[in-house]
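The block underneath contains the structure these notes are about, expressed in C-alpha cells.
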Amino acid sequence: MNLGLKDAVAIVTGGKQGIGRATVLRLAAEGAKVGACARGRERLDALVAEIRAAGGTAHAVAADVALADDCTRIVDETLRTFGGVDVLVNNAGTARTGAFESVTDEAWQADLDL
C-alpha cells in the first residue's frame, strides 16, 4: 500500500502497544519518520530499534500526554529531530470498564482529558 507518506513526519501518542504500536509500524513501513510517544521508555526504545533494523526512521519520546509540559516536549523533540510535523495520531487513552451508570463524572472527565 502506498499512502503517500514517504518522508512525512508523524507523531503517534500511545505508541508503545496495541493500535498505537501497529500505527507506528505501519507509518514507518510507508516511509514516514515517526515520533513514537508513550509513558514507558523501554518498550518505546525496543519499537524504535525494530523500525530502524527494518530500515525505517523513528524516535522515541517518553511522555505523559495528560501533562501539558510533556505535550510541548513531544512536539519540541519531534521538531528538533525531524524538522517538522505533518501527521498527528492522538491514540493515547484509556477506558473505564463497567456498567455505564457506574462510571463517575470524574472518570469520564479523566478519559476525555487524556
Any pair with Cβ under 9 angstrom, 6 or more apart, that starts in the range 96-114 at a residue that is without any contact (Cβ under 8 Å) to a residue 60 or more places away in the chain and ends at one that is open to solvent by 100 Å² or more (accessible area, probe 1.4 Å) and not in a helix (DSSP H, G or I): S102/R96; V103/R96; V103/T97; T104/R96; A107/R96; W108/R96; A110/R96; D111/R96
Tally, over the range 32-46, of residues that are surrounded by fewer than 24 Cβ atoms within 10 Å (Cβ to Cβ) and either under 11 Å from the mean Cα position of the chain (by Cα) or within 21 Å of T94 (Cβ to Cβ) (or both): 5
Complete set of residues in the range 77-95 that are loosely packed, with under 12 Cβ neighbours inside 10 Å and not polar (S, T, N, Q): R80, G83, G84, A95
Those helices (runs of 4 or more DSSP H) lying entirely in the range 16-114 with at least 2 residues at pLDDT 95 or above: 18-29, 41-53, 68-82
From the options I74, I51, residue that is open to solvent by less than 40 Å² (accessible area, probe 1.4 Å), in contact with a helix residue (DSSP H, G or I) (Cβ under 8 Å, 6 or more places away or on another chain), touching a residue at least 12 places away in the same chain (Cβ under 8 Å) and on the phi < 0 side of the Ramachandran plot: I51
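The values are calculated or read from the model by the stated rules, or taken from the named source; none is laboratory data. The structure presented is a predicted model; accordingly, all values stated were derived computationally and were not measured. Cβ sites come from the backbone with ideal geometry, for glycine too, and all protein chains shown count toward neighbours. Calculation scope for accessible area: heavy atoms of the full protein, side chains included, ligands and nucleic acids excluded. Shrake-Rupley method; radii C 1.70, N 1.55, O 1.52, S 1.80 Å.
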